[in-house]
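Report on the following structure.
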Amino acid sequence: MNIVIYIYNGMTMLDAIGPYEILRNVQGVKIKFVSKEKGEITADSHFIHINSKYGIDEISQADILLIPGSTIAFVREMKDKKVLNWIKKIDETTQKTVSVCTGSIILAATGLLKNRKATSHWKPIKMLKEFGVEPTRERIVDEGKYITAAGVSSGMDMAIYLINQLKGEKAAKAAQLSIEYDPKPMFNSGNYLTADKDIIELSEKIMESDAKKDFSLWEILKNARTLLKMKKKANS
């Protein structure tokens, strides 16, 4: 089973590496990290780097395509026609096309999720509506060929879910045990629907501060928000 994980500058590293650590513990799996142009990819933290050995021009098929998200760089990716066309081309060959976090917004920008349900990180999830997608605040949303996972850590749950579908329960359980994935968080604050308001506000401040590290993309996002507000007023 050939798995392609699309990576790009500014992505959230755990979105890709979390599922990778699960999926690599399945027998018969081959995983490739692929970027628009092969070479070094820098995470949204600007601290961690990963080497991409393949450019998208070198990869034309996959059994599974995985698209990770990012703090703000997804805005650039969802506007890149070459990337979007490549995703659509690969999707023609996949058994499953999946995303983590705001990767679903990149996927939605291709039109492949139109008239379907999808999830994403709780902060920008409403952006899915702009592509004819129904935002759904669930950890994993299964729409047949397309599976979307919510924010960051949910990618690991999605990977186990995916293995269970394609390889069976034993393979999924073995992969989970291989990395001893047995989460028992100290606090019950990992879900937007149950988190306290002050915790949500603090989290938003932290994420916006992180997003502002890339001022060009931050300006694009702010302008997009303004246009959305103007559009809503015009329609009301």
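The values are calculated or read from the model by the stated rules, or taken from the named source; none is laboratory data. Just so you know, these numbers come straight off a predicted model, no measurement behind them. Please note: Cβ atoms are built from the backbone with ideal geometry, for glycine as well, and neighbour counts cover all protein chains shown.
For the structure I just gave you, tell me whether residue 128 is in a helix (DSSP H, G or I), modelled with pLDDT under 95, surrounded by 13 or more Cβ atoms within 10 Å (Cβ to Cβ) and among the aliphatic types (A, V, I, L, M). Criteria not met by residue 128. Exactly one residue out of 5, 41 is farther than 30 Å from residue 169 by Cα and either in a strand (DSSP E or B) or polar (S, T, N, Q) (or both): that is 41. When you look at residue 123, is it under 30 Å from residue 205 (Cβ atoms), at pLDDT below 95, within 16 Å of the chain's Cα centre (by Cα) and surrounded by 16 or more Cβ atoms within 10 Å (Cβ to Cβ), yes or no? Against the criterion (under 30 Å from residue 205 (Cβ atoms), at pLDDT below 95, within 16 Å of the chain's Cα centre (by Cα) and surrounded by 16 or more Cβ atoms within 10 Å (Cβ to Cβ)), residue 123 qualifies. If you go through the stretch 46-73 and keep only what is on the phi < 0 side of the Ramachandran plot and in contact (Cβ under 8 Å) with a residue 60 or more places away in the chain, you end up with 62, 63, 64, 65, 66, 67, 68, 69, 70, 71, 72, 73.
If you go through the stretch 105-120, how many residues are within 9 Å of the chain's Cα centre (by Cα), farther than 20 Å from residue 166 by Cβ and not β-branched (Val, Ile, Thr)? Before the answer, list the steps.
From the stretch 105-120, those within 9 Å of the chain's Cα centre (by Cα) are 105-107, 120; that's our starting set.
Next cut, farther than 20 Å from residue 166 by Cβ only: 105-106, 120.
Still in the list and also not β-branched (Val, Ile, Thr): 120.
Residues flagged as within 9 Å of the chain's Cα centre (by Cα), farther than 20 Å from residue 166 by Cβ and not β-branched (Val, Ile, Thr) within the stretch 105-120 amount to 1.
Being over 14 Å from residue 83 (Cα atoms), within 16 Å of the chain's Cα centre (by Cα) and modelled with pLDDT of 95 or more: is that true of residue 40 here? No: the conditions fail for residue 40.
State all residues of the stretch 137-163 that are buried (at least 19 other Cβ atoms within 10 Å of the Cβ) and of a type in the set (S, T, N, Q); if no residue qualifies, say none. Listed by number, the residues that qualify are 148, 154.
Candidates 118, 62: the one that is at pLDDT 95 or above and closer than 17 Å to residue 140 by Cβ is 118. The residues listed here are 145, 88; of these, the one that is touching a residue at least 12 places away in the same chain (Cβ under 8 Å), closer than 19 Å to residue 161 by Cα, basic (Lys, Arg) and out of contact with any Gly (no Cβ under 7 Å at 6 or more places or on another chain) is 145.
Does the stretch 86-103 include one or more residues that are assigned to a loop (DSSP other than H, G, I, E, B), within 23 Å of residue 205 (Cα to Cα) and at pLDDT below 95? Working first, answer last.
Applying the first criterion (assigned to a loop (DSSP other than H, G, I, E, B)) to the stretch 86-103 yields 92-95, 101-102.
Restricting the remaining residues to those that are within 23 Å of residue 205 (Cα to Cα) gives 101-102.
Subset that is at pLDDT below 95: none.
Within the stretch 86-103, not a single residue is assigned to a loop (DSSP other than H, G, I, E, B), within 23 Å of residue 205 (Cα to Cα) and at pLDDT below 95.
Table: residues versus (1) outside any strand (DSSP E or B); (2) of a type outside the set (A, V, I, L, M); (3) within 12 Å of the chain's Cα centre (by Cα); (4) within 22 Å of residue 63 (Cα to Cα).
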{"site": "160", "(1), (2), (3), (4)": "yes, no, no, yes"}
{"site": "177", "(1), (2), (3), (4)": "yes, no, no, no"}
{"site": "181", "(1), (2), (3), (4)": "yes, yes, no, no"}
{"site": "193", "(1), (2), (3), (4)": "yes, no, no, no"}
